[in-house]
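Worksheet: one structure, shown below.
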Amino acid sequence: MTTAGMKANRPLSPHLQIYRFAMTMAMSIVHRITGIGLYFGMLLLTWWLVAAASGPGYFAFVNGLLGSWLGLLILFGFTWALIHHMLGGLRHFVWDTGRGMGKPARDLFATATLVGSVVLTILLWIVGLAVR
């Protein structure tokens, strides 16, 4: 067989039409997105800390923005991203030990990461608003 003949029988590179949706694939994508979101959330935290160090007037301005309904929504999303990213990191830590690599365990960990991040975020905000 010639080189050209061998090349013609080789499979195409995998693409999205070949892959079936998997929860672990979705969690990988969300983990990357939350990492990007955390970058911007840390900028907000830095802005708030700089405002606190700048004086009461500027701090009240920034605190007012972050305390508005839009600011609280952004902070809620930042909290969820932080918790989701942390739980995803713990999931990878377990995998680094060689445990949980079977399909049922992988799917369970992925679902637990998603559900756990939502539940923990809501609980944290309930406690935070109750203390406030």
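Using the charge dipole of segment 21-132 (Lys, Arg: +1 at Cβ; Asp, Glu: -1 at Cβ; taken about the Cα centre), state which of Leu120, Pro104, Leu75 has its Cα farthest towards the positive end.
Pro104
Need the full-extension length gain, Ala53 to Ile122, defined as separation in residues times 0.36 nm minus the C-alpha distance. One decimal, nm.
Stretched fully, the Ala53-Ile122 segment lengthens by 21.9 nm.
In nm, to one decimal, how far is the modelled label at Tyr19 from the one at Trp95, with both set 7 Å along Cα→Cβ?
So the two model labels end up 1.2 nm from each other.
Spin-label point model (7 Å from Cα, Cβ direction): what's the Tyr39 to Leu70 distance in nm?
Here the modelled spin labels are 2.3 nm apart.
What does the charge count around His85 come to, taking other residues whose C-beta lies under 14 Å from its C-beta (Lys +1, Arg +1, Asp -1, Glu -1)?
Every neighbour counted, the sum reads +2.
Would you work out the relative contact order for the chain, in percent, from Cα pairs under 8 angstrom that are 6 or more residues apart?
28 percent
For the chain, what is the mean residue ellipticity at 222 nm derived from helices alone (per DSSP H run of n ≥ 4: -39500 (n - 2.57); sum divided by total residues; nearest 500 deg cm²/dmol)? Display every interim value, and only then the final one.
Details: 5 runs with 106 residues, N = 132.
It comes out at -28000 deg cm²/dmol, rounded to the nearest 500.
Bear in mind these aren't lab numbers, they're just calculated from the coordinates by the rules spelled out. Just so it is clear, the structure is predicted and the values come from calculations on it, not from any experiment. Positions of Cβ are generated from backbone atoms using ideal geometry, with glycine treated the same way; all protein chains shown enter the neighbour counts.
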